[in-house]
Every structure is written in structure tokens, then in C-alpha cells.
Amino acid sequence: MTTTTTTTATATARAGVEVRLEQLRRTYGSVTALDGLDLVLRPGEMVALLGPSGCGKTTALRLLAGLEDADGGRVVVGGQDVTRLPTNKRGMGMVFQAYSLFPHMTALQNVAFGLRLRKVSDRERTRRAGEVLELVGLSAQADRYAHQMSGGQQQRVALARALAIQPTVLLLDEPLSALDAKVRAQLRDEIRRVQLEVGTTTLFVTHDQEEALAIADRVGVMNAGRLEQLAPPTDVYHRPSSSFVAEFVGLSTKLPATVAGGRADVLGVSLPLVDAAAPPGPARAVVRPEAVGLAAAGPGETGPLVGTVVATSFLGAVSRVTVDLGPAGQALAQLPTSDVGGFAVGSRALVTLRPDAVVVLPPA
Amino acid sequence: MSADAAPAVAPPVPAAPPAPAVAGLRRRATRRRTVVRVVLLVLFGTFFAVPLLALVEFSTRGAGGIGGSRSLTGWAQIADYPDLVGAIVASLELAVLTSVVSLALLVPTMVWIRLRVPQLSRLVEFLCLLPLTIPAIVLVVGWAPIYLWINYLTPRAYQASPLALTFAYVVLVLPYSYRTIDAGLAAIDVRTLSEAARSLGASWATVLLRVIAPNIGPALLNAAVLSVALVLGEFTVASLLNYVNVQVAMNNLSQQNSNVAYAVATASLAAVFLLLFLLSLAGRRRRTRGSSA
């Protein structure tokens, strides 16, 4: 199996190319979808574009694919300006959010469609389509039609179809959003495995933060048609470059803080700063739930970090507990479920903060 | 609830009828439905069959009137009227041409509108349905000057060719073809399929022929069937524009030899039924193959 997979990967592999989106602009009537987007994908890397609905991430992908025309800016792929090149001449593979297999063709015929358009001989076409189907683990379903396959299988065939033409760039437009959670997680890992095997430069658009953080080499967070931050997932999560990214990515609690001497005083707890150059004065500290701990509050114990449990959410191995700290707001703690037993709704709890570096935002 | 609260009393439930009684009721209802179906079938069957049988009876009537002998002379004489044979051929050609032209005109237009200018879909729908609301005589009044020009610009040898009616018939079949194709396109995700094909390197022609058309096959077939049925039965426009199609030829012939005219009418009806049956059979086979594959 290992030998086969290696052979397949070699047969399909293609050196990734650099992709540059330069000052891309696109408007729909009075709505600005892209407002001078600059984005560079390094050869062979996978970049996930993340952002709220309407932030322009899908528009960026569609402009790169040539499915829409830019009002301004350039799309450069492998050093070649393809801004005015029609979609069918760009040689990019795309997997769509909606199931897009051609219903009148089998899985194998779907995968071979692009090769047929490239006038690849029958024998070679069947061989290559079979190889790519094997790469996504669907050789046994080669003769099935779309309606005979599950959603996950259809998306895997769509991935195989996009890879079969050995695309310059692989474009994934929320390909997992129509699938249930378990299949989504499996297919997410599979997409990453296949992408690493073939080495194609890939742009992955998603609104699912977990998906973006788990799969990509770098994550681009978009807001109002612009890129707020493009960085490795850990940096986006732990070192957000703007208040938007800090608030958008992951769950967090904003607690009142005072910045002084390169540290933040958060309700009496001194914490290091992610950005040592943060301006001194009042601020809001962004504290992740996993950096918040809880302890039982003694009778009559008071203080800015003592509060009342107002909600608990069971998430399986972990649970989240919301503690109302009065004027300071609410703190969200994420604990192992086994540790949550003592914190029923209405009970008193002492919030503890792990001494992680925190991001500070301007006061509300 | 307090401990001394009275226990809840369930409301009285009407006793269910015994099982054999229920079965009897069901049987009676089924029998009643069957009787209604049979009566309706007989009524509608009679409504359609009587004129057809009358046609057959008329076309085979020999000497002696209704109660007299039967004769196939009328049928045998069909070939003796070359104008009639020419009209039949012309009508068949018109049916094919109208179907092809209307599909070639409508499918790309409707796909384009769905993908690029969906805001125009209402306007196009209105325009396509318009011929349904305008009487044929009014359409002819409008077309007459255009056909004068068509005749003027056509080489003399082709001036009387009824194939010129194709333009008029395409307009006549627009409402039916539009509705059918629209339903077919609504059943598939035109945007995603065409974008997927485009991203794989397909030209627009390839998208239409290899991706869209195979997936709206039944709709195309139905549109073609409707076009064929309409063209083969059309009389008013052809007659008023002075072209001879099979209906006009039959009308002319009925003035000279009614037996032959009725034989042709019967034969053309049978041919249309056979054609529609074959087309629907082909559509059904295609659907069965698609779902069982």
C-alpha cells in the first residue's frame, strides 16, 4: 500500500507555484467585496482564508479562479499575469461547497473529464484517473454515480477530479461545509494529506476557524474586503495582529486591564504582554478560556476575581464554565469535564489566570 | 401535585370497531375508488376514441355509405397525390427544424441568463410566453410583411418552400419549449456544474453539450415532443401565409377526395402517436438507466 501511494504521489506531484493577488478590488453595486487585497501564496503551501460572512474570502478565490472579473488589481500565478485569462485557460483545480459532480457520469468519468478535454488518450486517461481515485481512497467506487455516493465520497471524487488535471493551483471553496462533523474532520485530514503528497499550492476558503487552524500552513483572516493578518495558525491564535483578529479567532474573555511597564494588570494579576510596545494606560485584555482556571471560593471570600457561575456547557472531554465577575464582565473557563463537578450554576468560584502573554485591546 | 389530589381520569375513548368491520370499510372504499377510476377512464377514452374511430371508419368507407362495404382505396391513393406526399415530407422537415432551432436558441440563452443576467429572467419569460396570448391570425398579420421580404430575398427556386415557416413555428413553440427547459434547468445546479466544467478546461460549447444538455435530457426531449406535435398539427399560420404543409394539403384534398384526406389524417395521427410514444419511451429508458446505474 505504501509503495502504491508513493507511486501515485509521484505520478500526480507537481512543483507548487507562487500565487500573488495584488491590490485586488471587486465591488457589487454599492457593496465593496474586495478592497485592495494583497495576498501571496508561497509555492506548495496551503493558505486558509478565514473570515465572517461577506468579508470577501470567496470573492478572492473566485477572482483567482477566473470565475469573476476584478475591477482592479492583478492575479499573478507562477510569474504570469492571468488577470484577463478565462477560467478554462488557467489550469486550476477547484472543489466547490455544493456537490459538483456531473450527475450523468461515474466517479471515474468525472475524474477523467478534465483529461479528456486535454485530449489525453483513453488508456492514459483511465490510468491517471484511477491513480487519483486511489489517492483519495475511492478506487472501489469508480463506477458509481454521484447519487450512489455519500456527501463525503462525492467531495473526495471532486478533489480527485480537481487533482487529475495536475492543476497549477488547487482552490477549495468551503468543501466541507455540507458534511456532518465526523466526516468533515476525516476529510479535512485527508485533504491535508493529499495536498502535502502532491505539493500543489492551495487556497482553502472556510468560515470554520477550527478547520482553518488545523489544516493550513498559514491562515489569512479577512475583514471587510481586506486581509487583517496572514500568519501561521499558532500566531493567529496567540499573537493576533489586530483587535478584529483577536476577537474573531477563537473564544476569549475581555477583562479590564491596565498596561504599565511592559505588563498588563488584569484584575490584580500581572501578566506579560504579547506586544511589549502596547501603549500604557487602561485597556482590555484578551484571555483565552484555556488560560482561565477555577477554584472554589471560600465562604465570604470577595475580590475582583470572585464571581458566580452562570452557565456550564458540556463538550465531551472538556466543559466550559461562565463566571459572572460583576462590573468586570464575564470570564469563560475551559476545564476538563472531570474538574467541573464543583461548579454548578449559582455556586461561587474564584477565577485564576495562567501567566500566559496576553493581547490587549483599546478600552471599550 | 399535592398528595391528596384526585387521580387524573382519562377521557372516554370511543370503542374501536372490530377488525373485520375495518377491513370491510377499507374494501368498500377501495371498490368505490376503482369504480370511479373505471368510469372516468371509459368517459375520457370514449371522448378521445370516438373521433379517431370515426376517422378510420370514414377513411375505409366504400360504396353503400355507413352500412356498406369497407375499402382501403383511400389509403392506397395517398401515394397518387405527389403534392400531399411533398407536404408530409415538408411538415416532417419543419418539425425537425423547429425543434432543433428552438432548442439551439433557447438552451444557451436560458443558461446564459441564469448565470450572468438572472435579473432578465422575468422579461425573457414574459417574451417567450407572449405567443401563447396572441391569436394566430394576429401573429400572421404581423408576420405577413416579413414573409414578403423573405420571399423577395429568397432565390426563386425556393420561394414556395414551406420550410420558411420554421421562423414562425419557432415563435409558436417558444412558450412550451421555454417552460419545459426552464423546469429542466431548475432541477440541476447550473452554476456549480458549469463552473466546475469551466475550471477543468471546458469551453462554453463543451459546457452546454457535454455537461448541461445530458443533465436536462428529459426536458429537451419533452420540448422536442411538444414542438413536433404542434408543428404537425398546425394549419392557420401555414394557410394564411400561403404555404402548403400537411394540414393545408389535407384541407385542400378534402375538397376533392375526402376518403384520401381522412386516410392521411388517420395516418398522420397514428404517426404522431407513434413518434411521441417512441420519444417518451426513449426518455423513460434513459431515466431508468440513470437511476439503476
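Residue under question is A:L61, and the condition is that it be surrounded by 17 or more Cβ atoms within 10 Å (Cβ to Cβ), at pLDDT 95 or above and either part of a strand (DSSP E or B) or away from chain B (no Cβ under 14 Å) (or both); does it hold?
Judged against the criteria, A:L61 is not a match.
Give region A:157-182 a look and list any residue that's in contact with a Gly (Cβ under 7 Å, 6 or more places away or on another chain) and either of a type in the set (S, T, N, Q) or away from chain B (no Cβ under 12 Å) (or both), or say none.
A:T168, A:L179
Filter region B:77-96 down to the residues that are hydrophobic (A, V, I, L, M, F, W, C) and at pLDDT below 85, then identify the one that is farthest from B:L230 (Cα to Cα).
B:A79
Mind telling me which of the residues B:T206, B:T154, B:T236, B:T180 ends up being in the same structural domain as B:A104 (by TED's automatic domain parsing), under 21 Å from A:R161 (Cβ atoms) and hydroxyl-bearing (S, T, Y)?
Result: B:T206 is the single residue among B:T206, B:T154, B:T236, B:T180 that is in the same structural domain as B:A104 (by TED's automatic domain parsing), under 21 Å from A:R161 (Cβ atoms) and hydroxyl-bearing (S, T, Y).
Tell me which of these A:A98 doesn't satisfy, since it passes every other one: (1) of a type in the set (A, V, I, L, M); (2) surrounded by fewer than 22 Cβ atoms within 10 Å (Cβ to Cβ); (3) more than 20 Å from B:R116 (Cβ to Cβ).
Just one mismatch for A:A98, condition (3).
Mind checking which residues of region A:101-150 are β-branched (V, I, T) and either away from chain B (no Cβ under 13 Å) or crowded, with 19+ Cβ neighbours inside 10 Å (or both)?
Hits for region A:101-150 are A:T106, A:V111, A:T126, A:V132, A:V136.
Out of (1) part of a strand (DSSP E or B); (2) without any contact (Cβ under 8 Å) to a residue 40 or more places away in the chain; (3) in contact with a helix residue (DSSP H, G or I) (Cβ under 8 Å, 6 or more places away or on another chain), the odd one out for A:V245 is which?
(1)
Taking helices (runs of 4 or more DSSP H) that fall entirely within region A:132-235, which contain at least 2 residues that are modelled with pLDDT of 90 or more and within 16 Å of the chain's Cα centre (by Cα)?
A:181-198, A:209-215
Against the condition crowded, with 23+ Cβ neighbours inside 10 Å, farther than 18 Å from A:E68 by Cβ, more than 9 Å from chain A (Cβ to nearest Cβ) and within 20 Å of the chain's Cα centre (by Cα), how does B:Y169 come out, does it pass?
yes
Checking the structure you have, find out if any residue of region A:246-260 is buried (at least 24 other Cβ atoms within 10 Å of the Cβ), of a type in the set (G, A, S) and modelled with pLDDT of 90 or more.
Checked against the condition, which is being buried (at least 24 other Cβ atoms within 10 Å of the Cβ), of a type in the set (G, A, S) and modelled with pLDDT of 90 or more, region A:246-260 yields at least one hit.
Check B:V260, B:V237 and return the single one that is modelled with pLDDT of 90 or more, part of a helix (DSSP H, G or I) and either farther than 17 Å from B:P51 by Cβ or touching a His at 6+ places or on another chain (Cβ under 9 Å) (or both).
Only one candidate passes the filter, namely B:V237.
Among the residues of region B:190-203, count how many are free of Cβ contacts under 8 Å to residues at least 60 places away in the same chain and either among the basic types (K, R) or more than 7 Å from every other protein chain (Cβ to nearest Cβ) (or both).
The number of residues fulfilling the criteria is 2.
Between B:A157, B:A197, B:A104, B:A136, which is under 30 Å from A:A98 (Cβ atoms), surrounded by fewer than 19 Cβ atoms within 10 Å (Cβ to Cβ) and aliphatic (A, V, I, L, M)?
Answer to the selection: B:A104.
The values are calculated or read from the model by the stated rules, or taken from the named source; none is laboratory data. A quick note: this is a predicted structure, and the numbers were derived from the prediction, not measured. No Cβ is skipped: glycine too gets one built from the backbone with ideal geometry, and neighbour counts run over all protein chains shown.
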